[in-house]
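Asks: Sharing a structure here in C-alpha cells format.
The values are calculated or read from the model by the stated rules, or taken from the named source; none is laboratory data. In this text the structure is predicted, and so the values were computed from the model without any measurement. A quick note on method: Cβ atoms are made from the backbone with ideal geometry, for glycine too, and the neighbour counts reach across all protein chains shown. SASA here: full protein model, heavy atoms, side chains in, ligands and nucleic acids out. Shrake-Rupley method; radii C 1.70, N 1.55, O 1.52, S 1.80 Å.
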Amino acid sequence: MDDIQKKIEELEEEQCTELLVKEVEARVTYQCLYILSECNTLEEANKKIRALLKD
C-alpha cells in the first residue's frame, strides 16, 4: 500500500509541476506578445524581451 500511495504522490507532484510550467510559458508568451505590440522596432522588442527573460 505504501508503494502505491508513494507512486500516486509522485504522479500528483509531476502533474503540478507540468501545470506550473505551462502557466509560466503562457504568461511569458503573453508578455512577449504585449512587448512586440508596444515596440516600434524588433530591436527594441528584442532588448525588452531579453531583459524580461533575465529576471
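Asks: Considering region 1-43 alone, what residues qualify as being aliphatic (A, V, I, L, M), farther than 20 Å from L53 by Cβ and surrounded by 10 or more Cβ atoms within 10 Å (Cβ to Cβ)?
Replies: Across region 1-43, the qualifying residues are I8, L11, L19.
Asks: Would you tally the residues in region 6-34 being in contact (Cβ under 8 Å) with a residue 12 or more places away in the chain and of a type in the set (V, I, T)? Even if it seems obvious, please write down each step before you answer.
Replies: Initial filter on region 6-34 (in contact (Cβ under 8 Å) with a residue 12 or more places away in the chain): 28, 31-32.
From what is left, the residues that are of a type in the set (V, I, T) are 28.
The number of residues fulfilling the criteria is 1.
Asks: Do we find that N46 is open to solvent by 100 Å² or more (accessible area, probe 1.4 Å) and out of contact with any helix residue (DSSP H, G or I) (no Cβ under 7 Å at 6 or more places or on another chain) in this structure?
Replies: Values: open to solvent by 100 Å² or more (accessible area, probe 1.4 Å): no; out of contact with any helix residue (DSSP H, G or I) (no Cβ under 7 Å at 6 or more places or on another chain): yes.
Considered against the rule, which asks whether it is open to solvent by 100 Å² or more (accessible area, probe 1.4 Å) and out of contact with any helix residue (DSSP H, G or I) (no Cβ under 7 Å at 6 or more places or on another chain), N46 comes out as no.
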